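The values are calculated or read from the model by the stated rules, or taken from the named source; none is laboratory data. Here the structure is a predicted model, which means the values were calculated and not measured. Using ideal geometry, Cβ is built from the backbone for each residue, glycine included, and neighbour counts are taken over all protein chains shown. We work out accessible area using only protein heavy atoms, side chains counted, and drop any ligands, DNA or RNA first. Shrake-Rupley method; radii C 1.70, N 1.55, O 1.52, S 1.80 Å.
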Amino acid sequence: MLDIRGKITGLLFILLVVAAVNVGAVYYVQQGIQETTTTIEVTNNQSVLSQEIAFHAFRKAEGTSDGTDLSVAIEQYERNLAALENGTDDNEAVANGLQTEPVPTAARPELRTQKQVWANYSQSASTIADQEPFKQAYQSAVDSIVAGENTLETETRQIVEGYRELNGTYTTELAVARELQFHRQAIETAVLQHSQAVATTVRFENRMASHIEDYERLFSLLEDGGTYDGQTVEPAPRAVQDSITKIRERWPAYRDTVNTVSELDRLNEAFWTALRYIETHSEELNNASATLAATMNDVIADQQQTLQRLLAGLFVLDVVVVLFCTAWVRRRVTTPLELVTRRAEDIANQDIDVTLPETDRDDEIGRLFGSFEQMRANIQSNMRDLQTAHEDADTARQMAEEARDEAQQARENAERLNEQLRVLDRLLRHNLKNDMNVVKLEARLIQKNSYADEMAHVETILKKTDELLEKTDKQRQITRTLTTDPNYMKFDLVRDIHSLVDEHRSRFSDATITFDSPESVTVIATGTLNSAFRELIENALMHNDSVTPVAEITITCTDTTASVRIEDNGPPLPEQEQDVLEGIQETDPLNHASGMGLWLVFWSLQQSNGAVAYERREPRGNVITVTIPRTETHIQSEHEDYDKD
């Protein structure tokens, strides 16, 4: 017997079959509509091709085409006609790359009519494509005239140029030569017009005879002399005699060829008969194509109605199948699952005594009912265990509260100790500073009233007083650094160090301080970073015993870090001071550095997650390199209160 999964799979298969039937039926009908639409496009293309055939036929009659375009159009029309009758294979295509099926039975009569009209039409079109509008003998004579015109034209032009170069002596002869040139060109123009016109040759013969007579009369005047419009014409001078002789040799043959053109029967009767048929029957072929297209439109309308009826029937079938599947799933699956859901909600509300009705189903629903009863029994057992766990949790909670109280007490003690440290710091700084101010004041009074040999002792007192007060200020900065939570922010490192450089240039006017950096470098650090760099720059200048103290400051950066390199030409930094700077030496009473400035540098950089490195400068001096992070990742991971802004 099938279980629930198998039955639902069967229902899904039925729905899939119904969907496939829907898609297949719609595709089949839609494909038929598409094929019919393609056939209509080919039919409409036939009308365009028939017009192109007529157009190319008249172009050949005018002499502006060699018939190639006409042959291509005829071939395409016949290929389209075959495609409409028999369809195209997968490897064939008609005009515009279309593939088509044979026209349906309803449009076959119109297709036969189009084929009958085309049978006579194509014969006339092929005649025009294969033959010339004029007879060969006539065309050869015309070509001979055109070919010989270059020599006569050249010699005639040389005669005109020869008379023109004689400096006005032969004015009448020059006019005769120009008129001679005009009649030669008129003869050629008349021949070409006659070869392109479909008209009677009587007018051509009369006009040609007149031009020939005038040409020979004018030529004789230039050659032998005579009278022209009452003016005397001298025989041809030596300058034009060669051209006169050449024309006299070539003129008889040229004249005979012109006379031959006027006497020949020039028209190809078969060509012009076919052209007249194309002209009178072109509209008939267009009408046959239009009638076939209209019939195909009716076929498409019928196919669209069939598609609509098919869609309506498929919709009814889909509704019936969906309702049947929904009812079966509701009765056999959804209702039992809703019952199990309600009982589960009762158990969630601590009603453990609820039960499900007995069932003899051996599918998943039957097994679900049995598993539900087993689950209910397990829940009852687990609730007893849970009660015990609650009691254990209460005990653990009490222990956690006691530990929290102890941690709170430790935190309060640490805060109290920190506050005491700050109070002691304030008392030390206040009392020491007040006392040292008094000592300094008394030393000033002694300085004013003492003798010269005692002034050295007074200067020592004043110097040590200043140093002690300065150390008190640094001790205050160190205490603030160690007892204050770090506040990270973004700094423009270039701007801050540039300000320090300007400050120390004012303080140490005899020193040379150089500064090289990019336009701007942003780092992330605490507010004590500026104090660290002030201490390093001051240390490089204050303890420098060179004649001209030098401090060279350079800033470089990468995507993640920024480096500040401080070089000086002072005495080497003592090893104890180096250890303080690099964090190697511990603060103990037996081993300590001379001052607190470098401790301030180390602790400030440590708080900003920076690093410092020391090296000797050759031949003399020190190099201290400070590296500061530019990214926020390590800051956020260690300090939750970091503010990006």
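T334 exposes around 40 Å² of accessible area when a 1.4 Å probe is run over every protein chain in place.
Counting only other residues whose beta carbon sits under 15 Å from that of T556, what net charge do I get with K and R as +1, D and E as -1?
Its environment carries a net charge of -3.
The protection proxy used here, the mean number of other Cβ atoms lying within 10 Å of each residue, ranks peptides 241-249, 67-75, 367-375 as follows, highest first: 67-75, 241-249, 367-375. Shown are M399, M296, M489, M436, whose ranking by accessible area with a 1.4 Å probe and every protein chain present, most to least, is M399, M489, M436, M296.
Exposure check, 1.4 Å probe, all protein chains in place: C325 carries approximately 10 Å² of accessible surface. Site pair V48 and T359 shows an inter-label distance of 6.8 nm when each label is modelled 7 Å from Cα along Cα→Cβ.
Global size of the range 481-581: 14.5, 43 Å for Rg and Dmax (C-alpha atoms, Rg to one decimal, Dmax whole).
Distance between the modelled labels on E615 and N22, one decimal in nanometres: 7.8 nm (7 Å Cα→Cβ projection). Report the local net charge at N45: Lys and Arg +1, Asp and Glu -1, summed over other residues whose C-beta lies under 11 Å from its C-beta. Neighbourhood net charge equals -1. Under a Cβ-Cβ cut-off of 15 Å, what is the net charge of the residues other than E165 that fall near it, where Lys and Arg count +1 and Asp and Glu count -1? Summing Lys/Arg as +1 and Asp/Glu as -1 gives +1. W603 exposes around 60 Å² of accessible area when a 1.4 Å probe is run over every protein chain in place. Paramagnetic label reach from L368 (point 7 Å along Cα→Cβ; backbone nitrogen cut-off under 18 Å): within the range 311-339, residues 325-339.
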